[in-house]
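What follows is one structure encoded as structure tokens, with my remarks underneath.
The values are calculated or read from the model by the stated rules, or taken from the named source; none is laboratory data. None of these values were measured; they are calculated from a predicted model. So basically every Cβ, Gly included, is an ideal-geometry build from the backbone, and we count neighbours across all protein chains shown.
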């Protein structure tokens with residue numbers, strides 16, 4: 001749907017140099033939104049529209065409250081569009097398209113392991129809520145630049161969930177020093193029965209990953225090695241956001257192994273990791 | 001007061017109103033259904049198809065520029081066979097005029113598609129794309145040389161009774177010469193303009209933003225160029241024109257009608273506002289009512305008078 005979103009709250013998340021914002025919009029989109037979906041937002045108030053930027057900005061939905069008709073978007077100020085969006089004030093009205101796309105699927109049994117790189121954590125906020133409400137056991141693996149980043153990007157609310165967290169930072173200021181993929185690798189290894197512990201029972205794991213492309217590729221390769229299903233959320237520059245313009249295609253393998261294109265906006269943004277051709281040639 | 005007559009005659013077909021959506025921005029007619037009912041439109045123009053399927057160019061395919069959008073999709077499409085099998089049957093039921101857009105790399109390519117898309121197949125008219133800037137051979141090559149342009153249209157003319165709409169490239173020295181060439185080839189209607197060839201460079205990577213280096217510029221930034229070309233062609237060539245290039249509002253659309261376009265088409269404007277076509281139809285109606293015109297066709301070319 002195309003609807004107005006009334007800005008009811010718009011605040012900085014954590015320290016100012018992380019350039020993270022939390023935007024709460026009130027409007028009818030909340031009634032149909034599901035975890036993992038996104039909206040596209042016109043970054044200026046509807047009474048002061050401009051053609052710079054021309055396109056709407058796709059942002060994943062982090063929280064949904066049907067009771068209050070509200071969706072919450074987390075974003076990082078990264079370019080001209082988000083710089084203008086950051087100036088939106090309470091009472092402004094933004095044009096919203098959505099909810100759009102298909103989110104992560106929830107496994108019927110076993111554990112759901114969330115793997116996030118940087119602000120790839122944002123779409124997982126909505127996912128963990130629906131996973132926990134279905135009684136699934138959830139673990140989070142999250143890597144970021146530094147302690148300041150993780151704390152600004154919502155670490156406290158993850159801690160409050162009471163789920164097992166495995167954290168890494170590039171500078172070692174919190175959790176393990178290094179990449180989140182290393183944490184995932186050791187957890188997957190530990191879940192395997194070994195010769196020394198043949199009696200250990202393997203937990204059935206499903207992975208949902210969101211973050212930089214290289215990270216999602218590595219996690220997919222790990223999951224394939226350990227025979228664990230994985231879904232990844234892809235990102236690409238979008239034009240129409242409804243599958244019409246073919247601006248945001250990604251390359252997948254079909255069943256016969258041929259490379260095909262899918263639309264991130266309409267067919268995704270979530271795809272099965274093993275379908276994705278990470279270093280596409282076409 | 002009688003309601004304003006919005007019906008529009010275009011190359012032997014009658015449209016409900018003069019507002020069409022542009023090829024490459026509106027998929028195959030299903031994508032925008034949640035935002036814009038097709039029966040509100042004068043017509044839709046389908047994504048360009050080629051004889052064989054094409055994967056198109058690598059990403060990034062899009063880059064924003066001030067009031068504009070560069071694209072280098074590269075004619076990704078399912079190919080003629082898949083189009084006939086999976087898309088065309090559904091289009092029979094579409095409650096508006098359906099314009100198929102065909103593209104190719106040889107005269108035979110264009111001829112074979114014109115043969116396959118017959119009258120009665122659900123297609124109202126054929127738009128012949130001789131102006132795609134994003135493929136290496138064919139496309140715009142046919143649209144920048146008057147003789148080639150005439151030959152392509154003549155090849156299509158020999159194969160079809162459907163109205164032929166020639167979509168012209170603005171990347172030429174003399175748009176009027178191109179319009180005359182396709183008229184000689186047998187075109188019934190002109191579409192102008194396609195995108196303007198452009199590029200943009202990323203200051204961090206110090207590389208072109210688009211994987212294809214160049215792309216076609218569309219959006220409000222190109223509108224004055226498009227209005228000028230519609231004006232020039234309307235003065236010189238006696239064929240109806242579908243005016244397009246940067247239309248996002250009814251005011252933009254009326255400007256094209258005044259410049260000499262019989263109908264207008266909305267492309268990139270749909271990305272900005274997926275309900276732009278509805279707003280444009282209503283705005284044109286109101287403009288006619290307020291100024292006392294009984295038919296939208298009274299507006300066509302008014303800016304040329306005395």
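Using the structure shown, decide if residue B:51 is assigned to a loop (DSSP other than H, G, I, E, B) and at pLDDT below 95. No; evaluated as a whole, the condition is false for this residue. The strands (runs of 3 or more DSSP E) falling completely within the range A:163-282 that include 1 or more residues that are exposed (fewer than 15 other Cβ atoms within 10 Å of the Cβ) and more than 22 Å from the chain's Cα centre (by Cα) map to A:249-253, A:259-263.
For (1) in contact with a helix residue (DSSP H, G or I) (Cβ under 8 Å, 6 or more places away or on another chain); (2) within 14 Å of chain B (Cβ to nearest Cβ); (3) within 13 Å of residue A:39 (Cα to Cα); (4) in a loop (DSSP other than H, G, I, E, B), each residue gets a yes or a no:
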| position | (1), (2), (3), (4) |
| --- | --- |
| A:58 | no, yes, yes, no |
| A:61 | yes, no, yes, no |
| A:88 | no, no, no, yes |
| A:95 | yes, yes, yes, no |
| A:108 | no, no, no, yes |
| A:122 | no, no, no, no |
| A:129 | no, no, no, no |
| A:139 | yes, no, no, no |
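Within the range B:70-103, if we keep just the residues that are in contact with a helix residue (DSSP H, G or I) (Cβ under 7 Å, 6 or more places away or on another chain) and not in a loop (DSSP other than H, G, I, E, B), the residue that is nearest to the other protein chains (Cβ to nearest Cβ) turns out to be B:98. For the range B:285-298, which residues satisfy the criterion of being in contact (Cβ under 8 Å) with a residue 24 or more places away in the chain and surrounded by fewer than 24 Cβ atoms within 10 Å (Cβ to Cβ)? Listed by number, the residues that qualify are B:285, B:286, B:287, B:288, B:289, B:293, B:294, B:295, B:297. Taken over the range A:1-18, the criterion of being more than 22 Å from residue A:92 (Cα to Cα) and surrounded by fewer than 16 Cβ atoms within 10 Å (Cβ to Cβ) is satisfied by A:15, A:16, A:17.
For the range B:30-64, the set of residues classified as in contact with a helix residue (DSSP H, G or I) (Cβ under 9 Å, 6 or more places away or on another chain), more than 10 Å from chain A (Cβ to nearest Cβ) and farther than 18 Å from residue B:76 by Cβ consists of B:37, B:40, B:41, B:42, B:44, listed by residue number. Is one or more of the residues making up the range B:211-227 within 14 Å of another protein chain (Cβ to nearest Cβ), more than 22 Å from residue B:101 (Cα to Cα) and in a loop (DSSP other than H, G, I, E, B)? Yes, there is a match, as at least one residue in the range B:211-227 is within 14 Å of another protein chain (Cβ to nearest Cβ), more than 22 Å from residue B:101 (Cα to Cα) and in a loop (DSSP other than H, G, I, E, B). Looking at the range A:6-22, can you tell me whether even one residue there is assigned to a helix (DSSP H, G or I) and farther than 30 Å from residue A:148 by Cβ? No; the residues of the range A:6-22 include none that is assigned to a helix (DSSP H, G or I) and farther than 30 Å from residue A:148 by Cβ.
Every condition in (1) within 22 Å of residue A:2 (Cα to Cα); (2) in contact (Cβ under 8 Å) with a residue 24 or more places away in the chain holds for residue B:33 except the one numbered (2). Filtered by the rule that a residue be surrounded by fewer than 17 Cβ atoms within 10 Å (Cβ to Cβ), within 14 Å of chain B (Cβ to nearest Cβ) and in a loop (DSSP other than H, G, I, E, B), the range A:32-50 gives A:32, A:49, A:50.
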